[in-house]
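As structure tokens, the structure follows; a few thoughts come after it.
Please treat every number below as a calculation from the coordinates, not as lab data. From a predicted model like this one, the values you see are computed outputs, not experimental measurements. Virtual Cβ from ideal backbone geometry, glycine too; neighbours counted across all protein chains shown.
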């Protein structure tokens, strides 16, 4: 059977010494003179999310992406290449199709309902809308041209893509 040391035992365990750890590092009790906590050994902070300073996002920070097109504050990044967002030209083609049909369950309910009374025919009024197709987004600027196709997952897909493209156009102006 293996025996492990109990918490607080040993000279190197943090609970084994008394007093304020900041005072042992030469800081006043409670941290730095300004009252904030001291980092480990005054090492620079690593990892974690850091807020951007100022109101503008850094140029390398992605603001949005449309398909495989990424947009930052100052440039457009595509598989075809990078170019400044200022002066870029954006186009959108809505190639979605909406079809309407009576679902199979409504036909079955209508047949079963017809056997008992004529009200079952009302089930044939049930319609199912289906959106298929793509929304094509094209961007060009600084000698680079790129087009991407975004599959339509519903009627709102074209509206969402159009909002993103209008945002990119506002950055391009």
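Would you mind calculating the gained length between residue 167 and residue 129 on full extension (0.36 nm times residue separation, minus the Cα-Cα distance), in nm to one decimal?
On the way: separation 38, 0.36 × 38 = 13.68 nm, distance 2.94 nm.
Full extension from residue 167 to residue 129 adds 10.7 nm.
I'd like the distance separating the alpha-carbon centroids of segment 89-133 and segment 137-173, in whole Å. Cα centroid to Cα centroid, the span is 31 Å. Model label points for residue 145 and residue 115, set 7 angstrom from Cα along the Cα-to-Cβ axis, are 6.2 nm apart.
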